[in-house]
1. Is segment 63-72 home to any residue that is touching a helix residue (DSSP H, G or I) at 6+ places or on another chain (Cβ under 8 Å) and either more than 11 Å from GLY156 (Cβ to Cβ) or acidic (Asp, Glu) (or both)?
2. Of the numbered conditions (1) more than 8 Å from the ligand (Cβ to nearest atom); (2) part of a loop (DSSP other than H, G, I, E, B); (3) at pLDDT 95 or above; (4) within 12 Å of the chain's Cα centre (by Cα), ALA107 fails exactly one; give the number of that condition.
3. Under 6 Å between Cβ atoms, at least 6 apart or on separate chains: pull out the pairs that start in segment 117-134 with a residue that is touching a residue at least 40 places away in the same chain (Cβ under 8 Å) and under 13 Å from VAL61 (Cα atoms) and end on any residue that is in a loop (DSSP other than H, G, I, E, B) and small (Gly, Ala, Ser).
4. Test of understanding: among GLY88, GLY139, GLY156, which residue is at pLDDT below 95 and either among the aromatic types (Phe, Trp, Tyr) or in contact with a helix residue (DSSP H, G or I) (Cβ under 6 Å, 6 or more places away or on another chain) (or both)?
5. Residue under question is GLY82, and the condition is that it be within 9 Å of the ligand (Cβ to nearest atom) and either more than 19 Å from LEU101 (Cα to Cα) or surrounded by fewer than 16 Cβ atoms within 10 Å (Cβ to Cβ) (or both); does it hold?
6. Would you check which residues across segment 61-78 are buried (at least 20 other Cβ atoms within 10 Å of the Cβ) and more than 8 Å from the ligand (Cβ to nearest atom) and list them?
Amino acid sequence: MKRSASLALVGAGAAALGALTLPVHAAADGAAIFGRCAACHTKTGAGVPGVFPPLGEDFRVMASSDAGRRYLGLVVIRGVSGPIKVGGKPYAGVMPAQATLDDASVAAVLNHVGTEIAKTGPAFKPFAEGEVATIRAGGAALSAQDVGKLHAGAGGQ
Ligand code: HEC
């Protein structure tokens, strides 16, 4: 009786510890998070022409400028709705905001795309969690349509 009660206590303690440490270090697995992007952009990031844009060279080009990095962060945080052109093709759909991703997760998934999915284009400089926090704070009032309007100045083609 006594023994199982103290074992239960140890278990509860471990669970509490897990709950305390999880939000800080978990969820930054960019490859796993990309699974949700792949539902639309496909596993390879090739996308579906005219419907879901590819995450390819355009992504790396945009990630090489400040305006482009802000746009990419906001696309994930706020969503995006065109008309936009990607790789010369028009898109006028809606990407829903990925609102459940915290700053570390947004950085991780963008870094996964920049290194494992978009393999051509300029050298990729990884996003930091703090950079994403700044982008999020600055874009809190933007709608998906507002983000779409930032596309033209973001360096995409
Ligand atoms: C429900 C489908 C869907 C999901 C899920 C989704 N996207 Fe999108 N995404 C879109 C659509 C549609 C567009 C283009 C919007 C338009 O037509 O204006 C887009 C646009 C983008 C763009 C802008 C491309 C450019 O060149 O301007 C990026 C970057 C992007 N998505 C990244 C992601 C990432 C990263 C994830 C996962 C965290 C993700 N998307 C999840 C549908 C989706």
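1. Yes.
2. (2)
3. Close Cβ pairs (under 6 Å, with a partner that is in a loop (DSSP other than H, G, I, E, B) and small (Gly, Ala, Ser)) amount to ALA118/GLY56; PRO122/SER64; PHE124/ALA63.
4. The match here is GLY156.
5. Considered against the rule, which asks whether it is within 9 Å of the ligand (Cβ to nearest atom) and either more than 19 Å from LEU101 (Cα to Cα) or surrounded by fewer than 16 Cβ atoms within 10 Å (Cβ to Cβ) (or both), GLY82 comes out as yes.
6. The answer is ALA63, GLY68, ARG69, ARG70, GLY73, LEU74, ILE77, ARG78.
Conditions (1) surrounded by 11 or more Cβ atoms within 10 Å (Cβ to Cβ); (2) modelled with pLDDT of 50 or more; (3) in contact with a strand residue (DSSP E or B) (Cβ under 7 Å, 6 or more places away or on another chain); (4) outside any helix (DSSP H, G or I), marked per residue:
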site	(1), (2), (3), (4)
SER4	no, yes, no, no
LEU17	no, no, no, no
LEU22	no, no, no, no
ALA28	yes, yes, no, yes
ALA32	yes, yes, no, no
ALA39	no, yes, no, no
LYS43	yes, yes, no, yes
LEU55	yes, yes, no, yes
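For (1) in contact with a Leu (Cβ under 9 Å, 6 or more places away or on another chain); (2) within 25 Å of GLY35 (Cβ to Cβ); (3) not β-branched (Val, Ile, Thr), each residue gets a yes or a no:
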residue	(1), (2), (3)
VAL76	yes, yes, no
SER81	no, yes, yes
LYS85	no, no, yes
ALA118	yes, yes, yes
ILE135	yes, yes, no
GLY138	yes, no, yes
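The values are calculated or read from the model by the stated rules, or taken from the named source; none is laboratory data. The structure displayed is predicted, hence computed values, not measured ones. Cβ atoms come from the backbone with ideal geometry, glycine included; neighbour counts cover every protein chain shown.
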